[in-house]
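Values in this text are rule-based calculations from the coordinates and carry no lab data. Computed from a predicted structure; not experimentally measured. For neighbour counting, all protein chains shown are included, and Cβ atoms are generated from backbone atoms with ideal geometry for every residue, glycine included.
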Amino acid sequence: MNDIEIYTIPTCPFCKKAKALLRDNYLDFNEYDISHDEENLRQKLGEKFKINGAVTVPQIVINGKHIGGYSDLKEIVYDGKLNSYLK
């Protein structure tokens with residue numbers, strides 16, 4: 001079973017695209033809406049994933065490996081590398 005986390009805010013179009021891409025690949029995920037304390041949680045995500053600069057959403061983690069955002073996920077999927085992240 002894969003452990004996929006996605007950190008989002010409801011108004012983010014890239015969050016919606018990332019979730020759709022995961023669903024299109026038949027992957028279940030745990031979504032964490034950070035909008036209730038967005039500034040603080042963005043800072044904590046930056047520290048957790050060692051992100052320099054602005055912390056954007058979504059942030060995606062697959063089986064403990066930080067993938068990045070939507071464009072990073074899209075690249076992994078379309079380059080055929082997604083299976084290497086899955087169990």
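Can you pick out the pairs among Lys17/Lys74; Lys65/Lys87; Lys17/Lys87; Lys17/Lys44; Lys19/Lys74 whose Cα atoms lie more than 21 Å from each other?
Among Lys17/Lys74; Lys65/Lys87; Lys17/Lys87; Lys17/Lys44; Lys19/Lys74, the Cα-Cα distance tops 21 Å for Lys17/Lys87; Lys17/Lys44.
Calculate the all-directions average of the projected area of the chain's alpha-carbon convex hull, and give it in nm².
5.4 nm²
What is the distance, in nm, between label points placed 7 Å from the Cα along the Cα-to-Cβ direction at Glu31 and at Lys44?
2.0 nm
Calculate one ³J(HN,Hα) per residue across the stretch 46-53 by plugging θ = phi - 60° into the Karplus curve 6.51 cos²θ - 1.76 cosθ + 1.60, and present them in order as whole Hz with x for glycine and proline.
x, 5, 4, 9, 6, 8, 8, x
Between Lys81 and Asp24, how many nm apart are label points set 7 Å from Cα along the C-beta direction?
Label-label distance for Lys81 and Asp24, simple model: 1.8 nm.
What's the angle, to the nearest 10 degrees (0 to 90), between helix 13-24's Cα axis and the longest principal axis of the chain?
In the chain, helix 13-24 runs at an angle near 30 degrees to the longest axis.
With both partners inside the chain, how many of the DSSP beta bridges are antiparallel, as a percent to the nearest 5?
If we restrict to bridges inside the chain, about 65 percent are antiparallel.
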